[in-house]
Amino acid sequence: MHHDFSLDLRAARRKAGLTQADCGHLLGGSTKIIRQLEDGQRAPTLTEISMLSLIFGRSFESYFSALMPSLRETLSERLERLPHPRATHAATFNRNATLEALAERLADEIAVDRERF
C-alpha cells in the first residue's frame, strides 16, 4: 500500500534536489522519518502528507488512492455489524437514511474498485 507513495516521495525529493536530511528537517524531524517513508516501513501521518504536499507543491494522491479500497471494504464490514440503538430519539432521526446512503455509496465504490483492479 505504501509502495506507490514511497516511489512518489522519493521521485519528488530527488527532482527537487533535496536530501533526506533537508526533508526531515522541514518536517520537524530527522532523516530517519524520510528514510522510513521512502522505504515503505511506515505510513505517513496526515500532517506529514500535508507538509510534503506544501514542500513539493503537489498532491500525493497515490497514497490515498491505494488506501481507499481497503478503507471502503473495512467500513462496509463494520457497517454490516453496526449495533442497533437501544432507543430512538430526535437526535437519531436521520440515522437510518444516513446509514442506507452510506451502504449504497460504499457498494457502488467497491464495485468500481473491483473493476479497476
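Please treat every number below as a calculation from the coordinates, not as lab data. The model shown is predicted, which means the values in this text are computed figures rather than measured ones. A quick note on method: Cβ atoms are made from the backbone with ideal geometry, for glycine too, and the neighbour counts reach across all protein chains shown.
At a glance:
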| item | result |
| --- | --- |
| Some residue of region 83-94 being part of a loop (DSSP other than H, G, I, E, B), within 15 Å of ALA12 (Cβ to Cβ) and of a type in the set (Phe, Trp, Tyr) | no |
| Any hit, region 50-60, residues being under 12 Å from the mean Cα position of the chain (by Cα), buried (at least 16 other Cβ atoms within 10 Å of the Cβ) and not β-branched (Val, Ile, Thr) | yes |
| Helices (runs of 4 or more DSSP H) enclosed by region 2-41 - at least 1 residues per element that are among the basic types (Lys, Arg) and farther than 12 Å from ILE55 by Cα | 3-16, 31-38 |
